[in-house]
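Below is one structure, written out as structure tokens, with a few remarks after it.
The values are calculated or read from the model by the stated rules, or taken from the named source; none is laboratory data. The model shown is predicted, which means the values in this text are computed figures rather than measured ones. We place every Cβ from the backbone using ideal geometry, glycine too, and count neighbours over all the protein chains shown. Side chains included, ligands, DNA and RNA excluded: accessible areas come from the protein's heavy atoms. Shrake-Rupley method; radii C 1.70, N 1.55, O 1.52, S 1.80 Å.
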Amino acid sequence: MGLRSFFDIPDNHYTVRQIFRWLWEALRGNRLQAILNATVGLLGVALGLASVWAMQRAIDIASGVCEGSIYWAVAIMASLILGEFGVGISRVWIKNILGVKAQNRMQQRILARLLRSEWRGREAMHSGDIINRLEQDVKTVVTFLTETLPSTLSTIAMFLGAFIYLLQMDLGLAFTIVGILPLFMLVSRIYVAYMRRYTRRVRDTDSLIQSLLTETMQHRMLVKTMEADSQMLNRLDGTQQTLRHWVRRRTMFSVASNFFLNAGFAIGFLVAFLWGALRLNAGTLTFGGMTAFLQLVARIQGPARDLAKLVPAFVSVFTATERLMELEETPEEQQGKSCMLAAPCGIRFDHVTFNYGAPGQQPALSDFSVDFKPGSCTAIMGETGSGKTTLIRLLLALVKPQQGEISIYNVECRDSQLSPLHRCNFVYVPQGNTLLSGTLRENLMLGNLQASDEQMHEALKMACADFVEELPNGLDTPISEQGGGLSEGQAQRIAIARALLRPGSIMLLDEATSALDAETERKVLENILSNHQRTIIFVTHRTAVVDYCDQVLDIASSNN
């Protein structure tokens, strides 16, 4: 029977070997915490077993069975108890400090991998689902690697140590207590088969709730203007009811399973108590031995219980690992040193065809050719759906053409095939409000992390965003998500200033002046076009922009 079959892991295109290899790679960056947890756990086992011996000896001294100082015996017990307190504090410290650091490190690693992956345009996963995986699944994997696995080592050590200790006291009882472990494994197998099913439903529904909340907040203005508050709340309530249903089913099964499991442990403890009481009554066991006897039974049953819980922990981490591996399925973009070309640069499309869907569908661009010459200014116009957005994505090397070639060049360099490594040559102002929460300074530094205050003020002046200097906090003025606190026109000018701080010589503006009045738009365009070292590409519907351009490209007529 394979691991996947035993643990009742659902079929997936990842093999057990691949999952373990991924977990092993993930463990590399967290070995310090795992080793510390294992060391502290083993120390706790040693102190726990020593406490059993110390208590037995203290009781036997007090009852006159053996000689010694009761004060020293109690002092030894106290020192061992303090040691166990120290172990407990160390566990909390390692979990809270190193545990958070480990989760942050894995989140950064996976997010970096997502940011470096090829841009697919039409994402298969909802952003809420991705966030859910980055939070919950990362926590599950890190907890398993840094806490569950190391604690398993100490659990096994405690079980073996307590068993050997009990074996020396009573051979028959030791094997009786251990003999019920196969029953625990059988119960665990049945337990996992149902709990995995319920847990998966709970996780999927929880992901749906997070996706719904994310979408509602992202489109809050739409919801308000469409007066769809009740509709969205009803959708949320329906999904939450589904979540509560599966949580209730899982809880009922968990309570019932724990009742039978704990009942079995209680019966085992009572059998051990009766066994010990009979021996005590027969004079073959001391009071200290009786106390140690019961403690050892508990220290055997505890690890047995923990080992039974290890099976669902494996199921959870397998599921979480598969969900994180799915985030890394998209291939990485070409990585390497950025290729900055001397200004000005040009871009040439030679018979480019690009299709988002399967072969046979109407291409977004078909046999498209154009030359954006160095230092030129071009207006790209066309109806909705004509391919303007696709052209932008191809220019920024976010997608690759299925046919044809896109090349970047300047007067000193022959054509080079456009790649993500050439993205540093582009200055891009996207359509709409693209400001992030934080300060205006932090938003501008997205354009150039090394930009000085003087450079920022110069860029703001060119973008007609001088209003920033009149704000009480200037560049350090805080704004909320999507530029909350600024008007649409102000946010758009900040976005233009942010782009102007980039050193690239190809400036791509996607409806970048749509929220500006005619006079402000004129000033911004004149300022942008005053730098003849840049190749300017406007994607626009505004005829005022056309007057400033060397050429106008109607993409619908050029897209054959």
Can you pull out the residues in the range 61-100 that are closer than 16 Å to T39 by Cβ and of a type in the set (D, E)? E84
Please list, ordered by first then second residue, the pairs with beta carbon atoms under 9 Å, 6 or more apart or interchain, first in the range 401-420 and farther than 15 Å from V352 by Cα, second assigned to a loop (DSSP other than H, G, I, E, B) and open to solvent by less than 20 Å² (accessible area, probe 1.4 Å). Y409/C345; N410/C345; N410/S505; C413/C345; P420/L396; P420/A397
Out of the range 403-444, which residues are touching a Phe, Trp or Tyr at 6+ places or on another chain (Cβ under 6 Å) and crowded, with 17+ Cβ neighbours inside 10 Å? I406
Considering only residues that are open to solvent by 40 Å² or more (accessible area, probe 1.4 Å) and more than 21 Å from V399 (Cα to Cα), which ones fall in the range 314-333? S316
Quick check on E454: is it open to solvent by 20 Å² or more (accessible area, probe 1.4 Å), of a type outside the set (G, A, S) and either farther than 28 Å from L394 by Cα or over 38 Å from the mean Cα position of the chain (by Cα) (or both)? yes
What strands (runs of 3 or more DSSP E) lie completely within the range 325-385 and have 3 or more residues being within 36 Å of the chain's Cα centre (by Cα) and on the phi > 0 side of the Ramachandran plot? none
Evaluate the following for I494: is it crowded, with 21+ Cβ neighbours inside 10 Å and touching a Cys at 6+ places or on another chain (Cβ under 9 Å)? no
Of (1) among the hydroxyl-bearing types (S, T, Y); (2) more than 19 Å from I380 (Cα to Cα); (3) open to solvent by 40 Å² or more (accessible area, probe 1.4 Å); (4) within 40 Å of the chain's Cα centre (by Cα), S514 satisfies all except one. Which? (2)
Out of S505, S487, S452, which single residue is in contact (Cβ under 8 Å) with a residue 40 or more places away in the chain and hydroxyl-bearing (S, T, Y)? S505
Quick one: which of S63, S69, S79 is modelled with pLDDT under 80, over 30 Å from E329 (Cβ atoms) and open to solvent by 20 Å² or more (accessible area, probe 1.4 Å)? S63
For the range 36-60, give me the residue count where each residue is open to solvent by 30 Å² or more (accessible area, probe 1.4 Å) and closer than 20 Å to L280 by Cα. 5
Matching residues in the range 525-544 - criterion: being surrounded by fewer than 22 Cβ atoms within 10 Å (Cβ to Cβ) and of a type in the set (A, V, I, L, M): L529, A544
Please give the helices (runs of 4 or more DSSP H) falling wholly within the range 41-155 in which 1 or more residues are over 30 Å from L212 (Cα atoms) and over 13 Å from the mean Cα position of the chain (by Cα). 70-93
Within the range 13-33, how many residues are in a loop (DSSP other than H, G, I, E, B) and of a type outside the set (S, T, N, Q)? 3
Within the range 386-398, of all residues that are assigned to a loop (DSSP other than H, G, I, E, B) and at pLDDT 85 or above, the one surrounded by the most Cβ atoms within 10 Å (Cβ to Cβ) is A397
Do we have L501 as within 16 Å of L435 (Cα to Cα), in contact with a His (Cβ under 9 Å, 6 or more places away or on another chain) and not acidic (D, E) here? no
Filtering the range 64-87 down to residues that are closer than 20 Å to G44 by Cβ and in contact (Cβ under 8 Å) with a residue 24 or more places away in the chain yields M77, L80, I81, G83, E84, V87
